[in-house]
1. Which of Met138, Met150 has the fewest other C-beta atoms within 10 Å, and how do the rest follow up to the most?
2. How about the range 103-181: which trypsin sites (Lys or Arg not before Pro) there lie in a loop by DSSP and see at most 15 other Cβ atoms within 10 Å?
3. What is the fewest-to-most order of Ser123, Ser151 by other Cβ atoms lying within 10 Å of their Cβ?
4. Contour minus end-to-end for Ser27 and Gln90, with contour as 0.36 nm per residue of separation and end-to-end as the Cα-Cα distance?
5. What's the exposure ranking of Asp7, Asp164, going from fewest to most Cβ atoms within 10 Å?
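Just so you know, all these numbers are worked out from the coordinates, no wet-lab data involved. This is a predicted model, so every value here is computed, not measured. We place every Cβ from the backbone using ideal geometry, glycine too, and count neighbours over all the protein chains shown.
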Amino acid sequence: MSISANDVKVLREKTGAGMMDCKKALSECGGDFEKAIDYLRAKGLAAMQKKQGRVAAEGLIGSYIHNGKIGVLVEVNCETDFVARNVDFQQLVKDLAMHIAAADPKFLRAEDIDEEFKQREISIYTQQLKDEGKPEKMIPKIVEGKLKKMSEEVCLYNQKFVKDTDKTIEALVQEHTLKLGEKIDVRRFIKFNLGEGIEKRKDNFAEEVQKMSEQK
């Protein structure tokens, strides 16, 4: 069947895949867009698996400052300096820094969750379920589900992207891996909150008045 240039353009905009790949996908799938997207996704995931073994040591350290109160640094790696200078890659780094400031992840991936943090959450969930009167044998399964939900909230790769909640950060990174043709990986990040960890002075107005009275 005949595949129009506009159809190829639309599919490319939806998937970020190359023009020839989009044309082939539409031809293979009889012009069906949904099937073509699935076709490209399957091919892309296979190609992406091959890229995961590569070394990504180039990239950028991005930053984001919000109202002088919140600051973020994030290191995003790619394979070559050429891609690091690419506008799409640079925009990804900016978006990730902004997302971290807004979504406040604690860890990179689920496997990076600190054991002490995890055990504390398990203890809290278990006690809550006991207080709710849940059957003892059901509690471990429910806790497992809660831990999975928790990882979606505290792990960067599992979080929904703040600018497009239909995709996770992992999916966003995968999209750019396919689009730019190199392994892309978020290596580390740090978030600063102004005054965090400092015990702020709390003035007691009543005590101040009392002291002033005693001095007279």
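1. Numbers: Met138 10, Met150 20.
The fewest-first ordering by Cβ neighbours comes to Met138, Met150.
2. On the way: sites: Lys106, Arg109, Lys118, Arg120, Lys130, Lys137, Lys141, Lys146, Lys148, Lys149, Lys160, Lys163, Lys167, Lys179; in loops: Lys106, Arg109, Lys163.
Passing both the DSSP loop test and the Cβ count: Lys106, Arg109, Lys163.
3. Details: Ser123 11, Ser151 19.
By the 10 Å Cβ count, ascending, the order reads Ser123, Ser151.
4. Working: separation 63, 0.36 × 63 = 22.68 nm, distance 3.35 nm.
Length difference between fully extended and current span is 19.3 nm.
5. On the way: Asp7 16, Asp164 11.
Placing the least packed residue first, the sequence is Asp164, Asp7.
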